[in-house]
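Below is one structure, written out as structure tokens; the observations come after it.
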Amino acid sequence: MNASNYGPVTPGIVEELKKICGEAFVYFDDQKKLEKYSRDKMPGRYGHMPEVVVLPGTAPEIAQIVKLANREIIPITPRAAGSGLSGGAVPVYGGILLSVERMNDIIEVDDKNLMAVVEPGVVTNKLDKVLQKYGLFFAGYPMSEEFCFVGGNVAENAGGGRAVKYGVTGQYILGLEGVTPDGEIVQLGGKRIKDVTGYNMVQLMVGSEGTLGIFTRIIIKLLPRPTVRQAILVLFEDPETAIAVGPEVMTSGRLVPTSIEYMDGFTFNMTARALKESFPYERIGAALLFEVDGTHLPAVAEDAATIRRICRERGAIAEYLATTDAEIERFWRIRKRIAWDIIQYTPHQSIEDIVVPMASIPRALSNLNKIGEKYDVAIPVLGHVGDGNLHAIPLKNPDSSVEHWQEILPALLTDIYTMTAELGGTISGEHGIGHKRKDFMSLVMSQAHLDMMRKIKRALDPNNILNPGKVFNLD
Ligand SMILES: Cc1cc2nc3c(=O)[nH]c(=O)nc-3n(C[C@H](O)[C@H](O)[C@H](O)COP(=O)(O)OP(=O)(O)OC[C@H]3O[C@@H](n4cnc5c(N)ncnc54)[C@H](O)[C@@H]3O)c2cc1C
């Protein structure tokens, strides 16, 4: 499959799109506007210009656009906030870029059923702020929550800082309204905690990266909001000691924190210094950020005390307890900002998203060091260590050329992914495959497994209209 399989977006088609969405919501010949939709937040060479951008406001409008695209065989790339890190929202074959940014209503907070119904363009953090007033809570907490959309979170099955205790986005998605790849509007699931009426289509759509349908409404299961939170920032002299402590808190401490975030010395020191925080930087080789929450202060405080004790016994050099929201957010600000700072650090890097079983994390870290030595590149690591999800970030060696970096990158990534698979892990825990990782899928799954997914895609989207060139190639 390549661009020549698709028809062009002609001025006549643009006129039809304007009739569907309204003139103001179709961008065609304004290169500056189109450019904004040509990439996501993945550093490197992964952008591609769309031929036209449409901003529909309703599900029926989207259905009409999808029908038109099938008639003319034009690819459609759905887009939420464009904060993805695998090129998922990049229109690799041009065609129609369909942004859901106008569909940003919180339709209902149903506190009798502990559910919310939202449109896909709602900013994740905005939903959280509204739920706070009801004493309710959506457990999703990607580090990009201030700008990513709930629709993008569902399409990527986003994880984040609270997954150790609460799991990932998909566990809270009970229903979807969406437009199928051939332009029908369907309702999947509903406000039901239990539902075994046929195949679980909702969870097939979760994590489908815009390839199987376009969500137009999302039904989310809510939880009562924890009323007590505490956080502990712990500093270590070396990464090996820190990385071993994370899982130990759960296995020896017999407790499940809300969060266990790992930051190596490079990433922690870079961002904490930039934020003008004062720490003993010359001694810091790694840091862990724990959060515990609940509704009963003595129980939460006891968990925090257990974590501090285990860290001290295992060689922490300093630990800091935060008990107010402001103090807790101060710690999280460091963790959240690292992703931004590292993206700005150099365009010649690869933000990886490997995930391994918890007990294999120390092995994964030492293998990453060996791979870094083999290719003579630094591989800083941070991540959601409590759920085995490590963001290893190979960086171009400043002493070597960009050409050399581009030449070694595929082999370096193959080594990282192969090592991950050997530990029982896989190549993406939360950022998705997009078009960045699609050529590496066979390293972690069998041909039969890949064929099952291809058959599903072909059955639902015979014209390969929705987000072609993502997750896997069809031929
Ligand atoms: C600084 C930073 C920190 C991050 N931290 C995290 C983190 O902690 N955890 C995490 O999981 N991710 C993280 N990410 C990655 C990213 O924010 C997530 O993948 C997020 O879920 C993407 O949401 P989005 O709204 O930006 O989606 P986009 O990037 O716009 O799209 C993502 C995918 O969803 C599809 N899509 C969008 N809307 C729809 C729709 N309505 N229907 C069907 N498909 C659709 C697109 O086609 C694309 O494949 C981070 C990114 C950055 C830049």
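The values are calculated or read from the model by the stated rules, or taken from the named source; none is laboratory data. Only a predicted model underlies this, so the values are computations on that prediction, with no experimental measurement involved. No Cβ is skipped: glycine too gets one built from the backbone with ideal geometry, and neighbour counts run over all protein chains shown. Quick note on the areas: whole protein, heavy atoms, side chains included, nothing else; ligands and nucleic acids left out. Shrake-Rupley method; radii C 1.70, N 1.55, O 1.52, S 1.80 Å.
State yes or no: is LEU222 within 16 Å of the ligand (Cβ to nearest atom), open to solvent by less than 30 Å² (accessible area, probe 1.4 Å) and within 25 Å of the chain's Cα centre (by Cα)? Please lay out each step first, then the result.
Details: within 16 Å of the ligand (Cβ to nearest atom): no; open to solvent by less than 30 Å² (accessible area, probe 1.4 Å): yes; within 25 Å of the chain's Cα centre (by Cα): yes.
Criteria not met by LEU222.
Please identify the pairs in which a residue from the stretch 73-84 that is of a type in the set (Ser, Thr, Tyr) has its Cβ atom under 6 Å from the Cβ atom of a residue that is near the ligand (Cβ under 6 Å from one of its atoms), counting only partners at least 6 apart or on another chain.
Qualifying pairs under 6 Å: THR77/ASN467; SER83/LYS41; SER83/SER144; SER83/CYS148.
Assess whether PHE266 counts as being aromatic (Phe, Trp, Tyr), more than 30 Å from THR180 (Cβ to Cβ), away from the ligand (no atom under 16 Å from the Cβ) and free of Cβ contacts under 8 Å to residues at least 60 places away in the same chain. Can you show your working first?
On the way: aromatic (Phe, Trp, Tyr): yes; more than 30 Å from THR180 (Cβ to Cβ): yes; away from the ligand (no atom under 16 Å from the Cβ): yes; free of Cβ contacts under 8 Å to residues at least 60 places away in the same chain: no.
In short, no.
Taking only pairs six or more apart or across chains, which ones have beta-carbon atoms under 9 Å, a first residue in the stretch 222-238 that is in contact (Cβ under 8 Å) with a residue 12 or more places away in the chain, and a second residue that is assigned to a strand (DSSP E or B) and among the hydroxyl-bearing types (Ser, Thr, Tyr)?
Here the result reads ALA231/SER259; ALA231/TYR320; ILE232/TYR320; LEU233/TYR320; VAL234/TYR320; LEU235/TYR320, each pair linking the stretch 222-238 to a residue that is assigned to a strand (DSSP E or B) and among the hydroxyl-bearing types (Ser, Thr, Tyr).
For PHE472, work out the one condition from (1) more than 30 Å from ILE62 (Cα to Cα); (2) without any contact (Cβ under 8 Å) to a residue 60 or more places away in the chain it doesn't fulfil.
If we test PHE472 against (1) more than 30 Å from ILE62 (Cα to Cα); (2) without any contact (Cβ under 8 Å) to a residue 60 or more places away in the chain, just (1) comes out false.
What strands (runs of 3 or more DSSP E), lying completely within the stretch 84-202, carry at least 2 residues that are at negative phi and near the ligand (Cβ under 10 Å from one of its atoms)?
Numbers: elements: 96-99, 106-110, 115-118, 173-179, 185-189.
It comes to 96-99, 173-179.
Look at the stretch 318-347 and say how many of its residues are open to solvent by 50 Å² or more (accessible area, probe 1.4 Å) and part of a loop (DSSP other than H, G, I, E, B). Step through it out loud before you land on a result.
Narrowing the stretch 318-347 to residues open to solvent by 50 Å² or more (accessible area, probe 1.4 Å): 320-321, 323-327, 329-330, 333, 337, 340, 344-345, 347.
Imposing the further condition that a residue be part of a loop (DSSP other than H, G, I, E, B) reduces the set to 323-324, 347.
Count: 3.
Against the condition crowded, with 24+ Cβ neighbours inside 10 Å and on the phi < 0 side of the Ramachandran plot, how does PHE290 come out, does it pass?
Working: crowded, with 24+ Cβ neighbours inside 10 Å: yes; on the phi < 0 side of the Ramachandran plot: yes.
Yes.
Report yes if some residue within the stretch 385-396 is surrounded by fewer than 17 Cβ atoms within 10 Å (Cβ to Cβ), at pLDDT 95 or above and not in a strand (DSSP E or B); otherwise report no.
Taking the stretch 385-396 and keeping what is surrounded by fewer than 17 Cβ atoms within 10 Å (Cβ to Cβ), we get none.
No, because not a single residue in the stretch 385-396 is surrounded by fewer than 17 Cβ atoms within 10 Å (Cβ to Cβ), at pLDDT 95 or above and not in a strand (DSSP E or B).
Based on this model, can you work out whether GLY121 counts as more than 27 Å from ASN473 (Cα to Cα) and in contact with a Phe, Trp or Tyr (Cβ under 7 Å, 6 or more places away or on another chain)? Even if it seems obvious, please write down each step before you answer.
Values: more than 27 Å from ASN473 (Cα to Cα): yes; in contact with a Phe, Trp or Tyr (Cβ under 7 Å, 6 or more places away or on another chain): yes.
So GLY121 fits the description; yes.
List pairs: first in the stretch 430-451 and over 20 Å from ALA155 (Cα atoms) and small (Gly, Ala, Ser), second more than 15 Å from the ligand (Cβ to nearest atom) and open to solvent by less than 60 Å² (accessible area, probe 1.4 Å), Cβ under 7 Å, 6+ apart or cross-chain?
SER442/LEU450
Just to be sure, is ASP475 open to solvent by 40 Å² or more (accessible area, probe 1.4 Å), closer than 18 Å to ARG45 by Cα and out of contact with any Pro (no Cβ under 6 Å at 6 or more places or on another chain)? If you could, list the steps in order and put the result at the bottom.
Values: open to solvent by 40 Å² or more (accessible area, probe 1.4 Å): yes; closer than 18 Å to ARG45 by Cα: no; out of contact with any Pro (no Cβ under 6 Å at 6 or more places or on another chain): yes.
For ASP475, the condition - open to solvent by 40 Å² or more (accessible area, probe 1.4 Å), closer than 18 Å to ARG45 by Cα and out of contact with any Pro (no Cβ under 6 Å at 6 or more places or on another chain) - is not met.
Under the condition of being open to solvent by 10 Å² or more (accessible area, probe 1.4 Å) and in a strand (DSSP E or B), which residue from the stretch 226-245 is farthest from ALA287 (Cα to Cα)?
So in the stretch 226-245, the residues open to solvent by 10 Å² or more (accessible area, probe 1.4 Å) come out as 226-230, 237-241, 244.
Next, from what is left, pick out any that are in a strand (DSSP E or B): 228-230.
Working: VAL228: 23, ARG229: 20, GLN230: 17 Å.
Among those residues, the one meeting the criterion is VAL228.
Please find, among ILE173, ILE214, the residue that is under 24 Å from ASN70 (Cβ atoms), surrounded by 20 or more Cβ atoms within 10 Å (Cβ to Cβ) and in contact (Cβ under 8 Å) with a residue 12 or more places away in the chain.
Working: ILE173 fails: under 24 Å from ASN70 (Cβ atoms).
Going through ILE173, ILE214 in turn, the sole match is ILE214.
Output the residue which, of all residues in the stretch 246-263 that are in contact (Cβ under 8 Å) with a residue 12 or more places away in the chain and open to solvent by 40 Å² or more (accessible area, probe 1.4 Å), is farthest from the chain's Cα centre (by Cα). Lay out the reasoning, then the answer.
Filtering the stretch 246-263 down to residues in contact (Cβ under 8 Å) with a residue 12 or more places away in the chain leaves 246-250, 252-253, 255-263.
With the extra rule that they be open to solvent by 40 Å² or more (accessible area, probe 1.4 Å), the set shrinks to 248, 252, 256.
On the way: GLU248: 26, SER252: 30, VAL256: 22 Å.
Checking each candidate, the answer is SER252.
Which residue out of ILE62, ILE20, ILE73 is of a type in the set (Val, Ile, Thr) and crowded, with 23+ Cβ neighbours inside 10 Å?
Values: ILE20 fails: crowded, with 23+ Cβ neighbours inside 10 Å; ILE73 fails: crowded, with 23+ Cβ neighbours inside 10 Å.
None of the other options fit; the residue is ILE62.
What residue, among those in the stretch 417-430 that are open to solvent by 30 Å² or more (accessible area, probe 1.4 Å) and touching a strand residue (DSSP E or B) at 6+ places or on another chain (Cβ under 9 Å), is nearest to the ligand (Cβ to nearest atom)? Give the derivation first.
Within the stretch 417-430, the subset open to solvent by 30 Å² or more (accessible area, probe 1.4 Å) is 418, 421-422, 424, 426, 429.
Now restrict to residues that are touching a strand residue (DSSP E or B) at 6+ places or on another chain (Cβ under 9 Å): 426, 429.
Details: THR426: 14, GLY429: 8 Å.
Among those that are open to solvent by 30 Å² or more (accessible area, probe 1.4 Å) and touching a strand residue (DSSP E or B) at 6+ places or on another chain (Cβ under 9 Å), it is GLY429.
Look at LYS470 and say whether it is surrounded by fewer than 20 Cβ atoms within 10 Å (Cβ to Cβ), of a type outside the set (A, V, I, L, M, F, W, C) and within 14 Å of the ligand (Cβ to nearest atom).
Details: surrounded by fewer than 20 Cβ atoms within 10 Å (Cβ to Cβ): no; of a type outside the set (A, V, I, L, M, F, W, C): yes; within 14 Å of the ligand (Cβ to nearest atom): yes.
Criteria not met by LYS470.
May I ask you to verify whether VAL14 is open to solvent by less than 10 Å² (accessible area, probe 1.4 Å), over 29 Å from the mean Cα position of the chain (by Cα) and of a type in the set (Val, Ile, Thr)? Write out each step before concluding.
Numbers: open to solvent by less than 10 Å² (accessible area, probe 1.4 Å): yes; over 29 Å from the mean Cα position of the chain (by Cα): yes; of a type in the set (Val, Ile, Thr): yes.
So VAL14 fits the description; yes.
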